[in-house]
1. Being touching a Cys at 6+ places or on another chain (Cβ under 9 Å) and at pLDDT 95 or above narrows it down to one residue among Arg226, Arg233, Arg178; which is it?
2. Quick test for you: out of Leu105, Leu81, pick the one residue that is within 16 Å of ligand 2 (Cβ to nearest atom), modelled with pLDDT of 95 or more and within 16 Å of Trp35 (Cα to Cα).
3. Give the number of residues within segment 200-241 that are within 14 Å of the chain's Cα centre (by Cα) and polar (S, T, N, Q).
4. Condition first: away from ligand 1 (no atom under 14 Å from the Cβ) and farther than 22 Å from Val6 by Cα. Now tell me which residues in segment 148-184 satisfy that.
5. Of the residues that make up segment 8-24, is at least one of a type in the set (Val, Ile, Thr), in a helix (DSSP H, G or I) and more than 22 Å from the chain's Cα centre (by Cα)?
6. Which count do you get for residues in segment 228-249 that are within 14 Å of ligand 1 (Cβ to nearest atom) and surrounded by fewer than 18 Cβ atoms within 10 Å (Cβ to Cβ)?
7. Is it the case that segment 71-84 has a residue that's on the phi < 0 side of the Ramachandran plot, assigned by TED's automatic domain parsing to the domain that holds Asn188, within 14 Å of ligand 1 (Cβ to nearest atom) and charged (D, E, K, R)?
8. Pick from segment 98-137 the residues that are in a strand (DSSP E or B) and either small (Gly, Ala, Ser) or farther than 19 Å from Leu221 by Cβ (or both): which of them is nearest to the chain's Cα centre (by Cα)?
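The values are calculated or read from the model by the stated rules, or taken from the named source; none is laboratory data. Only a predicted model underlies this, so the values are computations on that prediction, with no experimental measurement involved. Glycine also receives a Cβ, built like all others from the backbone with ideal geometry; neighbour counts cover every protein chain displayed.
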Amino acid sequence: MTVRAVVLAAGKGTRMKSARAKVFHELCGRPMLWWVLRALREARIEEIVVVAAPEMGEELQAFSGVKAVVQQKQLGTGHALRVALEAMEPKNEATVLVTNGDMPLVTPEVFLSVLQARGSGSMSLVTVRTGTDSNFGRVVRHGDRVERIVEVRDATSDELEIEESNAGIYAIDEAKARKAVAQLRSENAQREFYLTDTVELLAGAGERVYPLLYREGGDLLGINDRVELAQARSRMNARLCAQYMRRGVTIIDPALTYLEPELEIGRDTVLYPNTSIGRLSRIGEGCAIGPNARLSNARIGDRAEVRESVILDSTIGDDVHIGPFAHVRGDSVLASEVRIGNFVELKNAQLAQGAKAAHLSYIGDASVGEEANIGAGTITCNFDGKRKNRTKIGKRAMIGSNSSLVAPVEIGDDALTGAGSVVTKNVGDGERVAGNPARPLPKKRS
Ligand code: UD1
Ligand code: MG
């Protein structure tokens with residue numbers, strides 16, 4: 001069976017009250033539309049056409065492998081399908097799988113099941129058991145067939161009592177779909193061409209339209225406003241947490257742990273509450289992350305600890321301890337056994353094995369040698385008003401508390417700066433300096 005998917009994504013999304021197109025609003029780090037496309041791909045549907053509004057062009061480019069068709073004016077879901085079909089080369093034996101683009105929780109199984117449910121009928125659609133307060137269109141049945149769908153705004157009070165609603169996913173014989181969308185009219189409460197009216201057109205012509213009923217509709221939530229977006233996010237996050245937990249990650253409280261897809265988290269790593277991990281971060285085995293940690297595009301080795309800290313775009317080695325209250329960012333690279341403590345900010349800093357900065361420091365555009373110790377209050381003065389300059393600190397160097405290292409500057413291996421030094425000139429290997437500006441101290445008698 002040839003299946004061609006059409007994703008309806010051009011709607012104005014008025015109820016979001018947003019400058020941004022509805023389907024680009026994100027949950028768990030990905031746009032709504034991304035989730036729908038992923039489910040389609042997982043169902044092995046290769047041809048995917050997205051109906052988009054003209055202003056969505058640029059953002060849509062991020063989605064490779066889909067064909068975008070522009071619906072110039074948003075005249076309704078039926079019009080959107082028509083625009084898509086007009087842009088597609090007819091394949092009359094094909095099935096068109098149409099799905100709303102605003103249901104990110106949908107699973108590949110739902111798509112596969114609705115395709116199967118069509119059987120020898122002309123159309124099938126996913127329906128869901130809802131309460132009478134639902135905003136979904138109501139499904140009017142005759143036995144095991146659907147006769148028509150009535151939108152809430154067009155429904156009589158009797159029709160609103162119907163507890164079976166339309167989820168927004170349809171499998172339609174392509175030739176029949178082409179014929180039906182051409183006949184749609186917009187004489188309804190919203191003055192729109194409703195895709196849902198194709199049901200009545202087909203059923204009225206003696207075609208069979210089958211429902212595929214889901215009793216529990218949580219995965220079929222259509223998002224129309226930010227309240228529903230938050231509900232969907234919470235469900236999606238629970239789903240993601242469950243996946244990572246099944247792979248061996250301990251999550252103390254999934255409701256307070258914010259994850260994204262496509263992360264790597266090693267087994268026996270523990271995620272403590274109020275932690276969010278995003279942008280393709282990779283975390284090794286046996287780590288402790290959180291509480292109150294934020295990781296984005298972070299690569300973390302094994303057995304590392306990150307407590308109450310923020311790690312952005314940086315790489316952290318094995319057995320590193322970070323936090324509480326550290327900020328590591330801007331392509332920083334920390335080798336194994338580094339320790340970064342309270343109120344330390346690292347920006348584009350490279351710290352070799354065993355280096356330590358335990359308290360109150362800013363280390364920016366700097367490299368720090370093995371086992372060097374950065375005293376409390378040390379600042380690399382990397383900005384001279386025009387340029388960012390680098391600081392190099394040697395192996396085993398001892399940087400005294402409250403040192404200011406005025407870059408560009410180099411501190412040699414085994415060198416020492418006294419407390420409160422303002423270092424403006426390079427310090428040689430083994431050399432000891434102090435003062436403002438820092439000057440060499442007499443050599444130690446050995
Ligand atoms: C639609 C269904 C309703 C169903 C509900 C499920 C219709 C007429 N109604 O209502 O029966 O219960 O979904 O969530 O279809 N779109 C376009 N172009 C347009 C209008 C909409 O591409 O001109 C897209 C939107 O971006 C969205 C989808 O179609 O992804 C559905 O549109 P929306 O306005 O959310 O329809 P609902 O009122 O939710
Ligand atoms: Mg909707």
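1. Unique residue meeting the criteria: Arg233.
2. Leu105
3. Within segment 200-241, residues that are within 14 Å of the chain's Cα centre (by Cα) and polar (S, T, N, Q) number 2.
4. Selection gives Thr156, Ser157, Asp158, Glu161.
5. Yes, some residue in segment 8-24 is of a type in the set (Val, Ile, Thr), in a helix (DSSP H, G or I) and more than 22 Å from the chain's Cα centre (by Cα).
6. Here the count works out to 2.
7. yes
8. Here the answer is Ser124.
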